[in-house]
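See below for the structure under consideration.
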Amino acid sequence: MTNEAADTTTHHHACPLCEAGCGLEITVRDGAVALVRGDRADVHSGGFLCPKATALKDLQHDPDRLRRPLVRRNGEFVEVDFDEAFAEVEARLLPALERHGRGAAGLVIGNPTVHRTGLVLYALALADALGSPNVFSAASLDQMPKHLACGAMFGDWYTIPVPDIDRTDLLVIIGANPMVSNGSMWSVPDFRGRARALVARGGRIVTVDPRRTETAELADVHLAIRPDTDVFLLAAIVRTLFRENRTRLGRLREHLAGLAELERAVEPFSIELAADRCGITAVDIEHLARDLSTVPRAAVYGRLGTCHQTHGTLTSWLIDVVNTLTGNLDEPGGAMLACPPAFAANTDGEPGRGQGVATGSYRSRVSAAPEVMGQFPMSCLAEEIDTPGEGQIRALITIASNPARSAPHSRRVERALSDLDFLLCLDVYVNETTRHADVIIPGPSPLEETHYDLFFSQFAYRNTARFSAPVLDRRAGVPEDWETMVRLVAILRGEGSNADIDRVDDDLLRTTLSRRVPDFADAILAALAPRRGAERLVDLGIRSGPYGDQFGLVPDGLTLDRLVEHPSGIDFGPLEPRLPEALRTPSGKVELAPTEFVDALAIAADELHAATPACVLIGRRDLRSNNSWMHNLPVLAKGRDRCTLLVHPDDIARFGLRDDSSAKVTNPRTDESVTAVVEVDNSMRPGVVSLPHGWGHDAPDSRLGVAKLRPGVNANALTDPDRRDPLSGNAAFGNTEVRIEAVEPVMP
Ligand SMILES: Nc1nc2c(c(=O)[nH]1)N[C@H]1C(S)=C(S)[C@@H](COP(=O)(O)OP(=O)(O)OC[C@H]3O[C@@H](n4cnc5c(=O)[nH]c(N)nc54)[C@H](O)[C@@H]3O)O[C@H]1N2
Ligand SMILES: Nc1nc2c(c(=O)[nH]1)N[C@H]1C(S)=C(S)[C@@H](COP(=O)(O)OP(=O)(O)OC[C@H]3O[C@@H](n4cnc5c(=O)[nH]c(N)nc54)[C@H](O)[C@@H]3O)O[C@H]1N2
Ligand code: SF4
Ligand SMILES: [Mo]
């Protein structure tokens, strides 16, 4: 922090809004945010920022953002202080659980949780204290296929390769639009600058996407694939690599398992069949396979569009299979693994071998969906609440989540939420979900909290460490996020809403340490004093991590104290090869052909000849929007309407639509519909329309003054909870079959 004038200070803080994690320089004047800029000295982002960062100012000062808890009394929300809110939780949650049993409790963990250090570090402890299998998170609306695919291949859910963009010659981007999203499961600030540099040094970009996206505009080649068919494209590429003897296994050869099984498994997927199914020419597929195997360095990256598929896990698996077979896995310029400073399972324990991952150790009550990473699919949330019987969810806690807009068939979700005995939301707005709450407990604003990016440093384009101190003081009486979480743990453990937070927190940490390093638990606890809560856990993670001081064993090693002295972060350099050391599979090999994937691929082969629906819906993202919750911030809300239905000109004619008219979009399976504003757009593949999710801010009793002015429509009214990737349980939002009707038909 530097003092410029008596009342002006400048602070460094990592942006907590998206996965790029840009380093910001924030000027505070008279206790208010005056200016948000990129921190040019930041080791991770070098000064880059996007328009959302400036919205942190609006977020800080948004009058609708909750500063105090709300409790429902006689049907109305009443503002109370934090002690009273926790007492209310104790008085209402515990009796509900006593009546119905712990299995009647549910926990929903939303997207911003991973960007709030205090929430994410204590989410597991809260789930443990709740003692119910009914844990759901945004991961099963998002990246679960990647966790499962990489978990099976490399042995840990978080061992996920990312493109080494600064050194690659060919970047193949499948189902992602980093120009807008700024990268996902790949922390890569300033994608645009890096992509331009790639092109400037003679490299190429290929995108595979049903829409010619902003990223496709930068690319040399855009393959407008038919949605939900990427598994066929990738299987055909793998088959071609084998058939044409194009595999380059290099130094990894001896660390690979399952090559022969893999070769057999892709046999049904000829280029010709795949071309028909994917709506791409055979020549294009052949070129891509040959390119990937001949350029010196290439990386294939797949993201949300590849995960929101009925074969999301198979698609994610085959992406890293292609990276491996083309000699690009774990090589500079290829797809590489980060070595994060803290909290990575692949830097912990015996190098090169481990327990691997497993799913399905228990199943959900209604659909018998297997648990994956200790969670059930978010698509199962509504049915677990609204289907009577033993274990029916009656009391729910949401953490930074808006399933009434982000989960499939969200109208059913919303009805289910309104029917609970008790709903507690840790949230900062009264929105479509939280308006059904009995208690809402807000956290401090992100600028009032410490921040350490424990999740996205595992998928970073470069190895760095950064810690951000709060920019602004919390209001008196507002607990830090971790304190709220520990208080809930105490309530659930029967220790009361007034339990001594530090004692409960010590107890949680002591239990963890005693399990993992029983002989050193006391010494480590002493060494971490006097830090508390989230900061103490971050210090523990860093000191025991790959760059850490190992509590004195490595005298120059990293500690949180040392990291704090570098507000723009510490750079550990570009990614370095980590295989086989990073593997945690039981075999100690990269598993190229996990049995359940091979079996599922055989079933997928039957769909090579499946018919294509006349019209399907996909989503999209916008630079000035973020999922469902940033539409209340004036700097982002201004400008053109963002919640429009993009329709190709051919489809405009086919469905009798006009630009700027309205269309009724119906899912014939669920019979749900919305009426959206039409925007003609020739970037769409014909037969595919696009509507962004997270809109529909028309609930009468939400408190979103700005968002309500232009509410948009709720795309998830249309999506279907039964469309799931069977292996990971992830929602298959993409490729939702829809019927389109002009609301005011154009006369011929
Ligand atoms: N500005 C902004 N940034 C964000 C967000 C935001 O809402 N706004 N959200 C954040 C979050 S939570 C996430 S998870 C990330 C997501 O980051 P990305 O994955 O980069 O995000 P999307 O823009 O959804 O990209 C998905 C792409 O897949 C395409 N697609 C759809 N179906 C298919 C298909 O079947 N096959 C193929 N090949 N492509 C398909 C879509 O057209 C789209 O271009 O973005 C994060 N960043
Ligand atoms: N159709 C369709 N549906 C999708 C997607 C899609 O592409 N298409 N994308 C999916 C993806 S990738 C994701 S990640 C999910 C996201 O879906 P969710 O996990 O539901 O996350 P958000 O929609 O971002 O809602 C975030 C909630 O957190 C609250 N919040 C914001 N900041 C804070 C804070 O500091 N503290 C607390 N306690 N609360 C806070 C907000 O008010 C809001 O209620 O949506 C998914 N849904
Ligand atoms: S790209 Fe993401 S992390 Fe960077 S400034 Fe924008 S919202 Fe923040
Ligand atoms: Mo996401």
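The values are calculated or read from the model by the stated rules, or taken from the named source; none is laboratory data. Remember, it's a predicted structure, so these values are computed and weren't measured experimentally. A quick note on method: Cβ atoms are made from the backbone with ideal geometry, for glycine too, and the neighbour counts reach across all protein chains shown. Surface accessibility is based on the protein's heavy atoms, side chains included, excluding ligands, DNA and RNA. Shrake-Rupley method; radii C 1.70, N 1.55, O 1.52, S 1.80 Å.
Annotations for the structure displayed:
So that you can scan it fast, the table gives a plain yes or no per residue for (1) closer than 29 Å to Val80 by Cα; (2) of a type in the set (A, V, I, L, M, F, W, C):
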| residue | (1), (2) |
| --- | --- |
| Gln375 | no, no |
| Ser379 | no, no |
| Glu383 | no, no |
| Thr387 | no, no |
| Ala400 | yes, yes |
| Arg405 | yes, no |
| Ser418 | yes, no |
| Thr433 | yes, no |
| Asp438 | yes, no |
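- Test result for Ala593, more than 13 Å from ligand 1 (Cβ to nearest atom), over 30 Å from Val430 (Cα atoms) and part of a helix (DSSP H, G or I): no
- Scanning segment 686-724 for residues that are among the acidic types (Asp, Glu) and more than 13 Å from ligand 2 (Cβ to nearest atom) returns Asp698, Asp701, Asp722.
- Within segment 700-712, being surrounded by fewer than 20 Cβ atoms within 10 Å (Cβ to Cβ), touching a residue at least 40 places away in the same chain (Cβ under 8 Å) and touching a helix residue (DSSP H, G or I) at 6+ places or on another chain (Cβ under 9 Å) holds for Asp701, Arg703, Val706, Leu709, Arg710.
- Filtered by the rule that a residue be open to solvent by 10 Å² or more (accessible area, probe 1.4 Å) and either more than 10 Å from ligand 2 (Cβ to nearest atom) or touching a His at 6+ places or on another chain (Cβ under 9 Å) (or both), segment 420-430 gives Leu420, Asp421.
- Test: residue in segment 568-590 that is open to solvent by 30 Å² or more (accessible area, probe 1.4 Å), in contact with a helix residue (DSSP H, G or I) (Cβ under 6 Å, 6 or more places away or on another chain) and either of a type in the set (Phe, Trp, Tyr) or farther than 30 Å from Asn328 by Cα (or both): no
- Here segment 471-485 is the region considered, the condition is being more than 24 Å from the chain's Cα centre (by Cα), of a type outside the set (Asp, Glu) and closer than 28 Å to Val89 by Cα, and the residue that is most open to solvent (accessible area, probe 1.4 Å) is Arg475.
- Residue match in segment 458-466 (condition: out of contact with any His (no Cβ under 8 Å at 6 or more places or on another chain), within 30 Å of Gly23 (Cα to Cα), at pLDDT 95 or above and within 16 Å of ligand 4 (Cβ to nearest atom)): yes
- Selection within segment 420-459 - assigned to a strand (DSSP E or B) and within 16 Å of ligand 3 (Cβ to nearest atom): His451
- Scanning segment 50-86 for residues that are out of contact with any helix residue (DSSP H, G or I) (no Cβ under 8 Å at 6 or more places or on another chain) and free of Cβ contacts under 8 Å to residues at least 60 places away in the same chain gives Ala53, His61, Arg73, Asn74, Gly75, Glu76, Val78, Glu79, Glu84.
- Residue tally, condition within 20 Å of Asp164 (Cα to Cα) and of a type in the set (D, E, K, R), over segment 330-349: 2
- When we screen Pro370, Pro388, Pro403, Pro341 for residues that are under 25 Å from Leu424 (Cβ atoms), within 23 Å of the chain's Cα centre (by Cα) and of a type outside the set (Lys, Arg), the only hit is Pro403.
- Listed here are the helices (runs of 4 or more DSSP H) enclosed by segment 161-267 that have at least 3 residues being open to solvent by 20 Å² or more (accessible area, probe 1.4 Å): 191-200, 214-218, 230-243, 259-265.
- Screening Leu124 against (1) more than 16 Å from ligand 3 (Cβ to nearest atom); (2) open to solvent by 10 Å² or more (accessible area, probe 1.4 Å); (3) in contact (Cβ under 8 Å) with a residue 24 or more places away in the chain leaves a single unmet condition, (3).
- Residues that are in a strand (DSSP E or B), open to solvent by 10 Å² or more (accessible area, probe 1.4 Å) and within 16 Å of ligand 1 (Cβ to nearest atom) within segment 2-24 are absent altogether.
- Failed criterion for Met485 (all others in (1) of a type outside the set (Ser, Thr, Tyr); (2) in contact with a Leu (Cβ under 6 Å, 6 or more places away or on another chain); (3) closer than 30 Å to Asn716 by Cβ; (4) not in a helix (DSSP H, G or I) hold): (4)
- Near pairs, Cβ below 7 angstrom, 6+ apart or cross-chain, from segment 18-41 (over 23 Å from Pro112 (Cα atoms)) to any residue that is in a loop (DSSP other than H, G, I, E, B) and β-branched (Val, Ile, Thr): Val28/Val471
- Looking across segment 320-333, the residues that are out of contact with any Ser or Thr (no Cβ under 7 Å at 6 or more places or on another chain) and at negative phi come down to Asp320, Val321, Val322, Asn323, Thr324, Asn328, Leu329, Glu331, Pro332.
Results for (1) touching a strand residue (DSSP E or B) at 6+ places or on another chain (Cβ under 7 Å); (2) under 20 Å from Val598 (Cβ atoms); (3) within 16 Å of ligand 2 (Cβ to nearest atom), shown as yes or no for each residue.
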{"residue": "Pro189", "(1), (2), (3)": "no, no, no"}
{"residue": "Gly193", "(1), (2), (3)": "no, no, no"}
{"residue": "Arg212", "(1), (2), (3)": "yes, no, no"}
{"residue": "Thr240", "(1), (2), (3)": "no, yes, no"}
{"residue": "Asn245", "(1), (2), (3)": "no, no, no"}
{"residue": "Glu263", "(1), (2), (3)": "no, yes, no"}
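- The strands (runs of 3 or more DSSP E) falling completely within segment 597-674 include none with 2 or more residues that are open to solvent by less than 20 Å² (accessible area, probe 1.4 Å), modelled with pLDDT of 95 or more and among the polar types (S, T, N, Q).
- The single condition among (1) open to solvent by 20 Å² or more (accessible area, probe 1.4 Å); (2) more than 9 Å from ligand 2 (Cβ to nearest atom) that Asp142 does not meet is (2).
- Taken as a whole, the condition of being open to solvent by less than 20 Å² (accessible area, probe 1.4 Å), touching a strand residue (DSSP E or B) at 6+ places or on another chain (Cβ under 7 Å) and of a type in the set (A, V, I, L, M, F, W, C) does not apply to Ile271.
- Matching option when the condition is closer than 30 Å to Lys57 by Cα and under 32 Å from the mean Cα position of the chain (by Cα), among Ala637, Ala676, Ala663: Ala637
- In segment 25-98, counting only strands (runs of 3 or more DSSP E) that sit wholly within it, the ones holding 2 or more residues that are more than 30 Å from Lys638 (Cα to Cα) and open to solvent by 10 Å² or more (accessible area, probe 1.4 Å) span 70-73, 76-79.
- The set of residues in segment 274-295 that are over 16 Å from Pro210 (Cβ atoms), touching a strand residue (DSSP E or B) at 6+ places or on another chain (Cβ under 9 Å) and either of a type in the set (Gly, Ala, Ser) or assigned to a loop (DSSP other than H, G, I, E, B) (or both) contains only Val295.
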